Amino acid sequence: METAKKHLRLLTCGDVEGKFDVLFNRVRTVQKKSGEFDLLLCVGNFFGSTSETEWEEYRTGIKKAPIQTYVLGANNRETTRYFPDVSGCELAENITYLGRKGVFSGASGLQIGYLSGTESPSEPGHAYSFSFKDMTELKTSILSIPKFKGVDILLTSPWPRGVENFGNNPEEVDTKNHGSMLISNLAASLKPRYHFAALEKIYYERLPYRNHIVLQENAQHVSRFIALANVGNTSNKKYLYAFIILPMNSMDSAELVKQPHDVTENPYRKSGKQTYLAKQLPDTEEEPASQFFFDLSKQQGKKRPSDGKEGRLFHSKQLRRPAQPAGPCWFCLASPEVEKHLVVSIGTHCYLALAKGGLLMDHVMILPIGHYQSVVELSSEVVEEVDKYKSALKKFFRSKGKRYVLFERNYRSQHLQLQVIPIPLNRCTTEDIKEAFIVQAQEKQIELLEIPEHSVIKQIVQPGTPYFYVEFDTGEKLFHRIKKNFPLQFGREVLASEAILDVPDRVDWKHCQASREEEAAAAGVFREAFAPFDGSKLD
């Protein structure tokens with residue numbers, strides 16, 4: 001039986017610049033008048049210089065976006081702080097950051113390519129920009145998809161340079177000095193049916209353009225470029241665009257390649273020559289980085305590697321060397337951002353450091369030296385050394401009359417952090433601690449399951465899946481697969497509660513920070529006491 005073809009109702013908006021109430025009130029009005037839409041896609045600057053107060057209401061759940069909303073990343077240094085995970089994450093209920101680059105791939109077949117940031121003149125780019133390498137990696141990964149015809153939608157913040165060629169001109173923009181050549185290259189290769197951008201604070205809809213050479217190539221679908229103005233602008237320029245789309249892979253070929261009467265030549269062809277602008281830029285010899293595809297059939301998209309295979313679940317293959325972070329990382333040991341005065345032990349693959357703003361003075365973290373996002377992604381050598389540190393910490397804390405609790409939150413985090421917190425033996429038992437986690441999870445409607453003592457997390461979830469797990473020094477474990485909003489401080493909240501440590505004022509690590517001198521002194525004390533048990537020195 002043939003599956004019914006589903007037309008999707010989408011909204012796209014330009015620079016929000018922190019005017020969340022204005023945008024979402026407008027969306028509510030549109031939906032009340034025209035019916036429900038499936039998604040809202042935001043390009044340009046989602047956050048602005050005055051976002052803090054209004055955003056806090058959405059971040060904490062006081063207010064909620066009325067539609068599933070997907071946003072691009074930062075375009076300037078100031079707003080990078082709102083995006084905790086460069087690979088994409090949920091920022092608030094119904095609001096998801098797509099990530100630096102990649103493709104949405106929905107159950108409906110809809111494919112949405114995206115590239116966050118502005119063009120960087122050098123390699124590597126900043127956390128708020130993309131480089132030539134970023135663009136070519138994204139392009140290569142998408143073009144490798146079997147039977148590739150193009151993407152349904154392309155989302156970028158900057159305009160493509162030269163988009164007005166052979167078409168209608170945007171009257172309010174200096175067309176010689178705006179736009180990105182890298183975006184033009186990307187658009188020429190990906191052939192999006194719709195390409196949305198912002199940043200120029202005007203509304204501009206270019207005439208549709210061809211993706212083939214007439215009489216020389218088979219007919220292909222047309223592309224439409226649409227630039228959107230900033231939300232709530234005083235000139236009443238259009239910032240919200242509504243449209244209906246049937247995914248390309250559901251369309252009859254003849255219907256897909258129909259040419260509208262006002263179609264123009266491709267703006268990215270070199271004048272006078274039938275070659276694409278895409279060929280003006282040199283090819284890269286770099287191996288494409290692993291891209292991720294979100295499955296739109298779920299509220300929280302599953303990520304799967306873009307190895308070009310379709311129609312089945314993807315399973316992890318042999319693990320490669322750790323990936324390099326796309327931006328600054330506070331925990332890669334080689335990074336200048338690492339606060340090395342907190343480090344108390346360095347092994348071959350892992351290191352141990354006091355937690356900044358820890359629940360207690362001897363609250364430590366086990367961290368991989370290389371860049372891994374979660375336990376699931378660790379190579380066998382790193383796992384072995386993590387286990388060695390766990391064993392050493394158990395012996396160390398037991399010698400002090402304590403037992404440890406370890407937890408990991410693989411959600412809105414960039415680098416794996418195994419939080420290890422000691423609990424006095426005479427304060428409570430392991431069963432007491434376990435019960436506290438389960439009870440407080442139930443209060444927050446979190447399904448925290450006990451898993452077999454010798455089970456391995458990577459046997460339960462695939463790389464890229466958000467999760468939270470607790471491990472006791474007895475080997476017992478509790479696990480939760482994160483599907484949507486998850487309280488970031490949950491682990492600390494439980495351990496700081498009256499039932500365990502009774503330090504409720506220390507739930508937020510930012511309220512527990514000491515001076516650098518105090519931190520260095522505490523690290524020195526821990527380092528000296530731990531030395532006889534040091535897992536990096538034991539066989």
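The values are calculated or read from the model by the stated rules, or taken from the named source; none is laboratory data. Nothing here was measured: the structure is a model prediction, and the numbers come from that model. For neighbour counting, all protein chains shown are included, and Cβ atoms are generated from backbone atoms with ideal geometry for every residue, glycine included. Just the protein is used for accessible areas: all its heavy atoms, side chains included, with ligands, DNA and RNA removed. Shrake-Rupley method; radii C 1.70, N 1.55, O 1.52, S 1.80 Å.
Remarks
- Count of the stretch 17-37 residues, restricted to those that are of a type outside the set (D, E, K, R), over 23 Å from the mean Cα position of the chain (by Cα) and part of a helix (DSSP H, G or I), is 7.
- Look at the stretch 16-29: where a residue is without any contact (Cβ under 8 Å) to a residue 60 or more places away in the chain and within 16 Å of SER51 (Cα to Cα) and a partner is among the polar types (S, T, N, Q) and open to solvent by 50 Å² or more (accessible area, probe 1.4 Å), sitting 6+ places away or on another chain with Cβ atoms under 7 Å, you get GLY18/THR50.
- Test: residue in the stretch 475-487 that is closer than 27 Å to SER345 by Cα and either open to solvent by 50 Å² or more (accessible area, probe 1.4 Å) or touching a Gly at 6+ places or on another chain (Cβ under 9 Å) (or both): no
- Those residues of the stretch 38-73 which are outside any strand (DSSP E or B), open to solvent by 10 Å² or more (accessible area, probe 1.4 Å) and closer than 21 Å to VAL103 by Cβ, in sequence order: ASP38, GLN68
- The stretch 513-533 residues that are more than 16 Å from ALA355 (Cβ to Cβ) and touching a residue at least 40 places away in the same chain (Cβ under 8 Å), paired with ones that are open to solvent by 50 Å² or more (accessible area, probe 1.4 Å) and assigned to a helix (DSSP H, G or I) (beta carbon under 7 Å, 6 or more apart): PHE533/LYS395
- TYR204 vs. criteria surrounded by fewer than 24 Cβ atoms within 10 Å (Cβ to Cβ), touching a residue at least 40 places away in the same chain (Cβ under 8 Å) and of a type outside the set (S, T, N, Q): no
- Any hit, the stretch 82-105, residues being closer than 30 Å to LYS6 by Cβ, open to solvent by 10 Å² or more (accessible area, probe 1.4 Å), basic (Lys, Arg) and touching a helix residue (DSSP H, G or I) at 6+ places or on another chain (Cβ under 6 Å): yes
- Checked against the criterion of being open to solvent by less than 10 Å² (accessible area, probe 1.4 Å), among the charged types (D, E, K, R) and at pLDDT 95 or above, the stretch 17-31 contains not a single residue that satisfies it.
- Selected residue [more than 30 Å from ILE95 (Cα to Cα), open to solvent by 20 Å² or more (accessible area, probe 1.4 Å) and in a helix (DSSP H, G or I)] from GLU493, GLU517, GLU498: GLU517
- Among the residues here, ASP534 does not qualify as open to solvent by 50 Å² or more (accessible area, probe 1.4 Å) and over 22 Å from SER413 (Cβ atoms).
- Among the residues of the stretch 345-395, those that are open to solvent by less than 10 Å² (accessible area, probe 1.4 Å), assigned to a strand (DSSP E or B) and β-branched (Val, Ile, Thr) comprise VAL364, ILE366.
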